[in-house]
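K.L.:
Okay, here's the structure, questions in a sec.
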Amino acid sequence: MQKNIAVIKGDGIGPEIVTEAMKVLDKVAEKYGHQFTYQEVLMGVCAYRATGVPLPQETIDICKKSDSVLLGAVGGAVGDAEIAALPGHLRPEAGLLGIRNELGVYANIRPSKLFKPLAGACPLKEYITENGLDLVIVRELIGGAYFGKREIITNDKGEKAAYDTIIYSVSEIERLVRTGFEMAKKRRNKVTLVDKANVLESSRLWREVSERIAKEYPEVEFTCMLVDNCAMQLVRNPGQFDVIVTENMFGDILSDEASMITGSIGMIPSASLGATKCGLYEPIHGSAPDIAGQNKANPVATILSAAMMLRYAFDLDTEADAVERAVETVLEKGYRTVDIKDEGCTVVGCTEMGDLICAEI
Ligand code: IPM
Ligand code: MG
């Protein structure tokens, strides 16, 4: 199989972790007889410095023409006052939101699974996770407060004020909720809609639409949960969840929480999918500028994102399984990056972790 992959390394630890993921993809290509070609494009602070905007048109064009997009992370360095002071539309994060929107990837799939060898890195008490923890957050990615009307205004008392709007149409909710139900059918047949329907009108619409769609999936158990309760349940009894379906901002917040209970945010991949096969594959963590360039970053989230690319974009399930198994084996053998270090384990750098995973494929 021949595939063209657009690669956005981005800022901070982005280049290091993406380099390891490309190494793993090359190993897969060699072993299974595929050919992956890469085209590197700029986004984030590096793009702003080179071109004056965080998301150059060339990046958009190349990503749209590619078979899939692999992304590291974007974001300014700690204490970089110039980047921190940029207006919203020039900030590196605007590049990230822009590319998600340009590619139309409305469904962000964020699995949180407790790898057995990492049980010691899980901050929860053992009895809470003894039955395992394996959930997926299906987060709406190109709507809600992230894309709604926003403004800085002067209020009627003459004071500076600002607002953001959460707005969702029925069709935007429908397509996301359907993605969640389809995912549940391939897993444990359980969907939890997370919302704030006791307060927000937009959440009440999510509930109305989801309840209607749930009727099309009688085999799937459907429940609704308020977001504050969900935040609590994730640390009280995370094993109760299979597929969580939720709007953009709730999904952003809950997926960070769900990642930490698996040991480290450095372990969690994501796939952002739309109507076409060309998805965007990125770790859920940020650019971690404080550890950039020190060979300390955990490349596993990006490597597992590459595995999701093999599975969802290229239908290469065997290859994706091989990558996931390789990660598990390396962890079983006791190798850890510093974020997941544990007693008796061997701490390795980003490059070594990539090499070890390649060696197991
Ligand atoms: C994420 C990140 C982004 C988001 C930021 C960097 C804009 O936190 O992918 O979860 O909020 O979507
Ligand atoms: Mg986030």
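The values are calculated or read from the model by the stated rules, or taken from the named source; none is laboratory data. Quick caveat: nothing in here was measured; it's all calculated off a predicted structure. Every residue, glycine among them, receives a Cβ derived from its backbone with ideal geometry; neighbour counts consider all protein chains shown. The protein model used for the area step is the full one, side chains on, heavy atoms only, and it has no ligands, DNA or RNA in it. Shrake-Rupley method; radii C 1.70, N 1.55, O 1.52, S 1.80 Å.
K.L.:
May I ask for the distance between the Cα centers of the range 286-305 and the range 195-261, given as a whole number of Å?
P.N.:
Answer, in whole Å: 29.
K.L.:
How large, in percent, is the carbon and sulfur part of the accessible surface of the range 262-348 at a probe radius of 1.4 Å?
P.N.:
Carbon and sulfur together cover 48 percent of it.
K.L.:
Per residue, how much accessible area does the range 262-329 have with a 1.4 Å probe, in Å²?
P.N.:
Each residue of the range 262-329 exposes 29 Å² on average to a 1.4 Å probe.
K.L.:
Checking the a/c ratio against 1.5 first, then a/b against b/c, what shape does the Cα gyration tensor give for the range 185-229?
P.N.:
oblate
K.L.:
For the range 40-164, with all protein chains present and a 1.4 Å probe, just round the carbon and sulfur fraction of the accessible area to a whole percent.
P.N.:
51 percent
K.L.:
If the limit is 27 Å between Cα atoms, which of Lys23/Lys186; Lys27/Lys65; Lys23/Lys65 go over it? If you can, show how the numbers build up before the last one.
P.N.:
Values: Lys23/Lys186 30 Å; Lys27/Lys65 24 Å; Lys23/Lys65 23 Å.
Long pairs (Cα-Cα over 27 Å): Lys23/Lys186.
K.L.:
Also: Can you work out ³J(HN,Hα) from phi for every residue in the range 102-110, in order, using Karplus 6.51 cos²θ - 1.76 cosθ + 1.60 and θ = phi - 60°, giving whole Hz and x for Gly and Pro?
P.N.:
3J(HN,Hα) across the range 102-110, in whole Hz: 4, 7, x, 8, 7, 10, 9, 9, 10.
K.L.:
Moving to a separate point now. Compute the accessible area per residue over the range 181-255, keeping the other protein chains in place, probe 1.4 Å, unit Å².
P.N.:
Values: 3420 Å² over 75 residues.
Accessible area per residue: 46 Å².
K.L.:
Farthest toward the dipole's positive end in the range 91-187, which of Leu176, Ala145, Leu124, given Cβ charges of +1 (Lys, Arg) and -1 (Asp, Glu) about the Cα centre?
P.N.:
About the Cα centre, the residue reaching furthest to the positive side is Leu124.
K.L.:
Roughly how many whole Å is it from the C-alpha centroid of the range 95-114 to that of the range 1-58?
P.N.:
16 Å
K.L.:
Moving on to the next point. Exactly which GluC sites (Glu not before Pro) in the range 170-233 are in a DSSP loop and have at most 13 other Cβ atoms within 10 Å? List each step's numbers first, then the result.
P.N.:
Numbers: sites: Glu172, Glu174, Glu182, Glu201, Glu208, Glu211, Glu216, Glu219, Glu221; in loops: Glu216, Glu219.
Here the GluC sites (Glu not before Pro) that fit, given the DSSP loop and packing criteria, are Glu216, Glu219.
K.L.:
Using 0.36 nm per residue, how much length does the chain from Glu221 to Asp26 gain when fully extended, once their Cα-Cα distance is taken away?
P.N.:
Gain in length upon complete extension: 66.2 nm.
K.L.:
Still on this structure: So which GluC sites (Glu not before Pro) in the range 253-361 are both in a DSSP loop and have at most 10 other Cβ atoms within 10 Å of their Cβ? Write out the running numbers ahead of the final one.
P.N.:
Working: sites: Glu257, Glu319, Glu324, Glu328, Glu332, Glu343, Glu352, Glu360; in loops: Glu343.
Listed in order of number, the matching sites are Glu343.
K.L.:
I want to check the label-to-label distance for Gln39 and Thr351. Put each point 7 Å from Cα in the C-beta direction and report it in nm to one decimal.
P.N.:
Taking the two extended label points, one gets 3.0 nm.
K.L.:
Quick one: of the DSSP bridges fully inside the chain, what percent are antiparallel, nearest 5?
P.N.:
Just about 35 percent of them are antiparallel.
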